[in-house]
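Participant: One structure, as structure tokens, below. Some questions next.
Here, each number is a calculation from the coordinates, and none is a lab measurement. Everything numeric in this text was worked out from a predicted model, so none of it was measured. Neighbour counts are summed over all protein chains in view; Cβ atoms, including those assigned to glycine, are modelled from backbone coordinates with ideal geometry.
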Amino acid sequence: MSAARNVPRDGAERVLDLGRCGLDQGGHVLLARALAGCAPGERLVVLGDAPELSIHLAAWARAAGHGVESADSRARCAGRLVAGSAHLARFADAERAGATDARDGVHEQAPAHWGLAARGARVEVGSPAFDFALAEKRTLWADDVGALYAQALAAQWDPATAIPWDAPRPHAAEVEDALVQVLTYLIENETAALIVPARFAARIHPHYREVQQLLAIQAADEARHVEVFTRRATLARRELGLSTAGGQASLKTLVDEPDFAAASLLLSVLGEGSFVNLLWFLHEHAPDECTRTIMKLTAQDEARHVAFGVAHLAREAREEPTLVARLAAAIERRHDVLRHTAGLNAEVFDALIVLAAGGFEPERIAAGHAAVFELTRQMHAGRRNRLRLVGFDAEHAERLAGLHTRNFM
């Protein structure tokens, strides 16, 4: 007899015939299927020919929360089960980690006992609590986070094929030295930009999976940036440039920032936003096609990181009136910590001038110097505009944009 969903009845009792299929051969699946249609207290007679079926049946029933009665006199009867309420009670108070908001299907708060359950799954009572510090929608979400994640997936690129590593490098050795110094600076800044999202991704409740996934892709982007900057720097040089104490002190404040909102502001809205300007500047003044391609691809990646930072902070600021003041305090606190540091090292500043100049004639150097100062002006204007988008008024945005670290990131 096949184990149909509607188990045949023998008089007033349900009957399941397992044939030669023992519980150690998958028969438990058929048994659970049959009991799923039984009300608590209803009996299920189990027939079968497998050796020791009655022993296995009694052990399985006790473990699953069902009563068990001895076999009766009918042929091949292994026992009679009494459907218990325990198997139903497991899910009686279960919560569905699903939608309360019809717009995006995401709960405002993710309870700790939902743990690693997929959004939309039933979560069994008794599941362990996980300590995810970031478990509120208002502190994480962006209205377009799904679209940003899809864009990030579609825009991934392979350094081995996307970059013309063998392109000619016709520029002077001193220009190459300047480029290597700038690349050295970019590498350590991108390393910080890798660490920060990776650290917070591990603290986000998986119910907000799109945010977690987006931060993971950001970290992967930065890892790729570190790779290509390093590879380009070592195409013609064995040694990299100078890393300064001031630059590392600036980055340490990003790595150490414990608050997700503040870290997003300092890294993405201010730092990576300024880096988008820098990367397009380097794209414009790149001395060779390989470098030009690298800067274009990395700038496009960074623009996505900035977009998410602005979007989720703007959304949170609309829902949390105190956020803007807290973010302002974070900018001022970082400025005070770095007040006595050197900021952008002179070697990087001078290297940017050389790259913009493309030569060492006085007129070209003067033009390169002017171009770098224009870059800093554009960076300031960009920071101010993004702060306005987050929710700062014009006066505060102007002042706080000017407090950003001189190290750009």
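Participant: Given H placed on each backbone N at 1.01 Å, which residues far from Gly79 in sequence or on other chains put an amide H within less than 5 Å of it?
Facilitator: Under 5 Å from the amide H of Gly79 lie the amide H atoms of Val46, Asp72, each far enough along the sequence or on another chain.
Participant: How large is ³J(HN,Hα) for each residue in region 401-407, as worked out from phi by the Karplus curve 6.51 cos²θ - 1.76 cosθ + 1.60 (θ = phi - 60°), to whole Hz, x for Gly and Pro?
Facilitator: Per residue, the Karplus-derived 3J(HN,Hα) values read 4, x, 8, 4, 3, 5, 7 Hz.
Participant: With the chain treated as a Gaussian network of Cα nodes joined by springs under 10 Å, which of Val255, Val324, Val337 yields the largest mean-square fluctuation?
Facilitator: Of Val255, Val324, Val337, the most mobile in the Gaussian network model is Val337.
Participant: To the nearest 0.05, what FRET efficiency results for Ala129 and Asp49 with a Förster distance of 60 Å applied to their C-beta separation? Write down the numbers at each step before the final one.
Facilitator: Values: r = 46 Å, r/R0 = 0.76.
The formula returns an efficiency of 0.85 here.
Participant: Top mean-square fluctuation among Ala154, Ala299, Ala366, Gaussian network model of the chain, C-alpha springs under 10 Å?
Facilitator: Ala154
Participant: Using only Cα atoms and rounding to the nearest 10 degrees, what angle (0 to 90) does helix 346-357 make with the longest principal axis of the chain?
Facilitator: Helix 346-357 sits at roughly 80 degrees to that axis.
Participant: Hey, another quick one. Please give me, ordered by residue number, the trypsin sites (Lys or Arg not before Pro) of region 230-289 that lie in loop per DSSP and have at most 10 other Cβ atoms within 10 Å.
Facilitator: Numbers: sites: Arg231, Arg232, Arg237, Arg238, Lys252; in loops: Arg237, Arg238.
Of the trypsin sites (Lys or Arg not before Pro), the ones in loops of region 230-289 whose Cβ has at most 10 other Cβ atoms within 10 Å are Arg238.
Participant: What is region 137-402's relative contact order, in percent, from Cα pairs under 8 angstrom and six or more apart in sequence? Working shown, then result.
Facilitator: Numbers: 324 pairs, mean separation 69.3, N = 266.
This gives 26 percent for region 137-402.
Participant: Something else now. Compute a Gaussian network model of the chain, connecting alpha carbons closer than 10 Å, and tell me which residue from Ala328, Ala356, Ala172 fluctuates the most.
Facilitator: For the chain, modelled as a Gaussian network with Cα springs under 10 Å, the answer is Ala172.
Participant: Using r as the Cβ-Cβ distance of Ala112 and Ala370, and R0 as 60 Å, what FRET efficiency do you calculate, to the nearest 0.05? Each step should come with its number before you reach the end.
Facilitator: Working: r = 56 Å, r/R0 = 0.94.
Here the calculated transfer efficiency is 0.60.
Participant: Expressed as an acute angle from 0 to 90° and rounded to the nearest 10, what is the orientation of the C-alpha long axis of helix 245-256 relative to the principal long axis of the chain?
Facilitator: Between helix and principal axis, roughly 20 degrees.
Participant: While we're on this one: So what is the 222 nm mean residue ellipticity for the chain from helices alone, if each DSSP H run of at least 4 adds -39500 (n - 2.57) and you divide by all residues, rounding to the nearest 500 deg cm²/dmol? Can you show the working numbers first?
Facilitator: Numbers: 15 runs with 221 residues, N = 409.
Helix-only estimate at 222 nm: -17500 deg cm²/dmol.
Participant: If the viscosity is 1.567 mPa s and the temperature 4 °C, what Stokes-Einstein diffusion coefficient in µm²/s follows for the chain when Rh is the Kirkwood radius over Cα pairs?
Facilitator: Translational diffusion coefficient: 51 µm²/s.
Participant: So what is the relative contact order of region 9-89, in percent, for Cα pairs below 8 Å that sit 6 or more residues apart? Provide the component values of the computation, followed by the final result.
Facilitator: Numbers: 133 pairs, mean separation 25.4, N = 81.
It rounds to 31 percent for region 9-89.
Participant: A further question follows. Show log10 I(q)/I(0) for region 9-89 at q = 0.21 Å⁻¹, two decimals, from a solvent-free Debye sum over equal Cα scatterers.
Facilitator: One equal scatterer on each Cα of region 9-89 leads to -0.89.
Participant: When the Karplus curve 6.51 cos²θ - 1.76 cosθ + 1.60 is applied with θ = phi - 60°, which whole-Hz ³J(HN,Hα) does each residue of region 295-306 get, with x for Gly and Pro?
Facilitator: Along region 295-306, the couplings run 5, 5, 5, 6, 4, 5, 4, 4, 4, 5, 4, 5 Hz.
Participant: Suppose every Lys and Arg Cβ carries +1 and every Asp and Glu Cβ carries -1, with no other charges. What dipole size does the chain come out with about its Cα centre, to the nearest 20 debye? Before the final figure, lay out the partial values.
Facilitator: On the way: 44 positive and 53 negative charges, 237 e Å.
For this selection, approximately 1140 debye.
Participant: Continuing with this model, one more query. Could I have the simple spin-label model distance between Ser73 and Leu235, label points 7 Å from Cα toward Cβ, reported in nm to one decimal?
Facilitator: Going by the 7 Å Cα→Cβ label model, 9.4 nm.
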